[in-house]
Amino acid sequence: MKKTLLLILAVVMSFAFVACGGGENDENNAAVQAKFDEADSLLQEIRGCYEDKGYLEGDTAAEVEVVLDALKAPIEQMKAAHQDILDMGGYTDEDMVTIEPILDTTITELNKVIADQAAYDASAEEGTGIAAVGEKYNQLYDIVMEASDLATTNGWMEDEAFSSELDASLAIMEIAKADLDNPESIDEAYMNELSAAFDELIPVWQDYLTQLSEPYTGN
């Protein structure tokens, strides 16, 4: 199970950007180009935000690049289709009925990434909300992974009670990770439940670290 970055991840946009072309309408072509320019500007703003927060350095760099590539790829695909349409003469009025909503949705999604990241940053500064719960998740994750490694090394995986506890904790964390990666699905009550669950589990697993540092004897 992969440790969450607790960044705001956008839904990967996938649209069929298809038009007839041959419109030879400079106004339509300019309108579409302006929307592509806006999308590019928003992508740069998102990358700049992640750079400013240090997400493009160290352990988080590779995963954030994957996120950025996922945002950029469909736009680049649409740009290729856009150039083909321009080569055919440009956008007809009929094309615009289909194309403009696609680009508007893309721009809306990118703006949502920016807004969600801003909300997360505010939460982190306040030490409350999704960011605070995320920090507890990360703390628990690190402890459980260390305990799992110790258990494997020292033979504790043979202990059924420990093995069951590990499986239960991993199951809780897997569910929590999925929810934390989709913060719009979490209300305040559920965040409080997660926070309380992590507060309960963290000391349990800290105690396990001492126990697991010794070889398993079967007693």
**Request:** Those residues that are more than 30 Å from residue 123 (Cβ to Cβ) and either among the charged types (D, E, K, R) or out of contact with any helix residue (DSSP H, G or I) (no Cβ under 8 Å at 6 or more places or on another chain) (or both), I need them from the stretch 133-190; list them, please.
**Result:** 149, 152, 153, 155, 158, 159, 160, 161, 164, 165, 167
**Request:** Answer yes or no: is there a residue in the stretch 64-72 that is under 30 Å from residue 28 (Cα atoms), out of contact with any Phe, Trp or Tyr (no Cβ under 9 Å at 6 or more places or on another chain) and among the aliphatic types (A, V, I, L, M).
**Result:** yes
**Message:** Just to be sure before I move on: is residue 217 at negative phi and part of a helix (DSSP H, G or I) in the structure I sent?
**Reply:** no
**Asked** Just wondering, is there one or more residues in the stretch 199-215 that are surrounded by 11 or more Cβ atoms within 10 Å (Cβ to Cβ), within 23 Å of the chain's Cα centre (by Cα) and not assigned by TED's automatic domain parsing to the domain that holds residue 117?
**Response** no
**Request:** Give the residue that is modelled with the highest pLDDT, with candidates limited to residues of the stretch 9-49 that are of a type in the set (Val, Ile, Thr) and more than 13 Å from residue 72 (Cα to Cα).
**Result:** 32
**Message:** Condition (residue is assigned to a helix (DSSP H, G or I), of a type in the set (Asp, Glu) and at pLDDT 90 or above) applied to the stretch 176-187: is it met by at least one residue?
**Reply:** no
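The values are calculated or read from the model by the stated rules, or taken from the named source; none is laboratory data. The structure displayed is predicted, hence computed values, not measured ones. When we count neighbours, we look across all protein chains shown, and the Cβ atoms used for this are built from the backbone with ideal geometry, even at glycine.
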